[in-house]
Amino acid sequence: MTASKSLSSLFLTSLFLVITGYTPSPPLQIIPTAQPETTPAFIGITKTAPPLVQAKNESVEDLVARIAATRISYSFPVLIVFTEMQDEESFWFGATPSLKDAQKCWFYTSDSVRECTSEETETFFVDDEIPKIHFAHVYSNSEKSLFILDYFHRWVDRNDYVDGYRLVLEFKNGKWVEKSIISMY
């Protein structure tokens, strides 16, 4: 019984191949490729190339805002707000999106950056169509600084509209330098 089923299955497959004119392609050839050079890295820390460096007379918050515009919004228009953490005991809650906690605000477009006026800040906070990046300082010592960034973009998906990032800056040669930025959730 199974032999006749196998033969009928083989016959139907062969008939299909003849009717459709299908011819099998030759097997794929595996060609060895050169492997990229690897350098030791900590697990979970992604390299950014080239790292952004603090400019002359640029505050650390201005640098973080510039990194957020470049690495997260990819230079699309975005409101960036320096704020506080929602819960200092837990990173999970992220940076507070509340207007009352906003300490400084920038508006980035593809060809300009400027600090927001207080009227613009209030207007932009209400508008759900404008993507926003809220960031807060978490920890710092003389060598490294950690920031939490939350990217609110309700225009993409109304149910899942927050992407979280962790940014590490490193102090080198008298300037803060972007060490890594990783997506968290």
Please give, to one decimal in nm, the separation of the simple spin-label points placed at residue 55 and residue 182, each 7 Å out from Cα toward the Cβ.
3.0 nm
Label model pair residue 112, residue 170: point-to-point distance (7 angstrom along the Cα→beta-carbon line) in nm is 3.7 nm
Listed residue pairs exceeding 23 Å between alpha carbons, taken from 56/132; 56/104; 56/144:
56/132
Considering Cα pairs under 8 angstrom that are at least six residues apart, work out the relative contact order of the range 60-183 and quote it in whole percent.
20 percent
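With a 10 Å Cβ neighbour count serving as the proxy for reagent exposure, in which order, fewest first, do 153, 134 appear? Please report the intermediate quantities before stating the final value.
Values: 153 20, 134 27.
Placing the least packed residue first, the sequence is 153, 134.
Each reported figure results from applying straightforward, stated rules to the coordinates on display, with no laboratory input. Since the structure is predicted, the reported quantities are computational estimates derived from the model, not experimental observations. Positions of Cβ are generated from backbone atoms using ideal geometry, with glycine treated the same way; all protein chains shown enter the neighbour counts.
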